[in-house]
Amino acid sequence: MSVLSVRSLSKTFGGVHAVNEVSFDIGKGEFLALIGPNGAGKSTTFNMINGQLAPDAGDILIGDKSICGLAPRDIWRLGVGRTFQVAATFGSMTVVENVQMALISHAGRILSLWRPAASLYRERALELLAQVGMADAADRPSRELAYGDVKRIELAIALANDPQLLLMDEPTAGMAPRERNDLIKLVKTLVIERGISVLFTEHSMDVVFSYADRIIVLARGRLIADGDAAAIRDNAKVREVYFGTGKTFQEASS
């Protein structure tokens, strides 16, 4: 059974088909990239899966359960983590407190705290920080962190609900080449170790072609290609959509 199944998903804005009959699956432990030029429908697809937008037609299933119509918090509690293109933490809290708040929310204890929140789930939060290489910064205020480190904290927060599926929207946006490769390498390691499935959007083709197990390509709201890096790199239709020529991805990046 697939971890995520998207079936004939469609969304229209003012007569414009932002997403048109899109279908795909993600298997357990699969690292799947969703790419496409600007306006292809990536963000709309992503936001429908996450519950921020309601589809006009189609269905989205986690396992065999439809999640259409569920709020993002309810989808999160089903084991779907999420990171955002622009990472943010609570700057007034320490690094470990940010992760503790995610753990407290996942446990449903936000409205029923009977002892100071700072004492709850600290050990588990420290374990998650260790997994993303940020344990040494646990008691630093989040506002002092470099942006690349904030991205790592966001990843620890996304792992707080022990997700079976992780949605990552432009995970390396705003990062230097070395930082983005380090972050994606870390995510790929966690995927393998924990068996998490990942759907991510990304504009950095070096990241996509180096790390994705499979790539799906959207253009004008439609799915136009689905395959491994070699198949997508050599797909004439994909090159036409991206470059308007027969130019290869290697030539475009040189």
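For the range 100-131, residues that are of a type outside the set (Phe, Trp, Tyr) and at pLDDT 70 or above total 19.
If you check VAL191, VAL217 for being assigned to a helix (DSSP H, G or I), in the same structural domain as ALA40 (by TED's automatic domain parsing) and not charged (D, E, K, R), only one passes: VAL191. When each of ALA88, ALA40 is tested for being among the small types (Gly, Ala, Ser) and under 25 Å from THR189 (Cα atoms), the lone residue that passes is ALA88. Is it the case that the range 64-71 has a residue that's in contact (Cβ under 8 Å) with a residue 60 or more places away in the chain, in contact with a strand residue (DSSP E or B) (Cβ under 9 Å, 6 or more places away or on another chain) and farther than 25 Å from GLN131 by Cβ? Yes: the range 64-71 contains one or more residues that are in contact (Cβ under 8 Å) with a residue 60 or more places away in the chain, in contact with a strand residue (DSSP E or B) (Cβ under 9 Å, 6 or more places away or on another chain) and farther than 25 Å from GLN131 by Cβ. Scanning the range 49-59 for residues that are under 20 Å from ARG222 (Cβ atoms) and in contact with a Leu (Cβ under 7 Å, 6 or more places away or on another chain) returns ILE49, PRO55, GLY58.
The values are calculated or read from the model by the stated rules, or taken from the named source; none is laboratory data. Fair warning: this is a prediction, and the values are worked out from it, not measured in the lab. Note: ideal-geometry Cβ built from the backbone for every residue, glycine included; neighbour counts use all protein chains shown.
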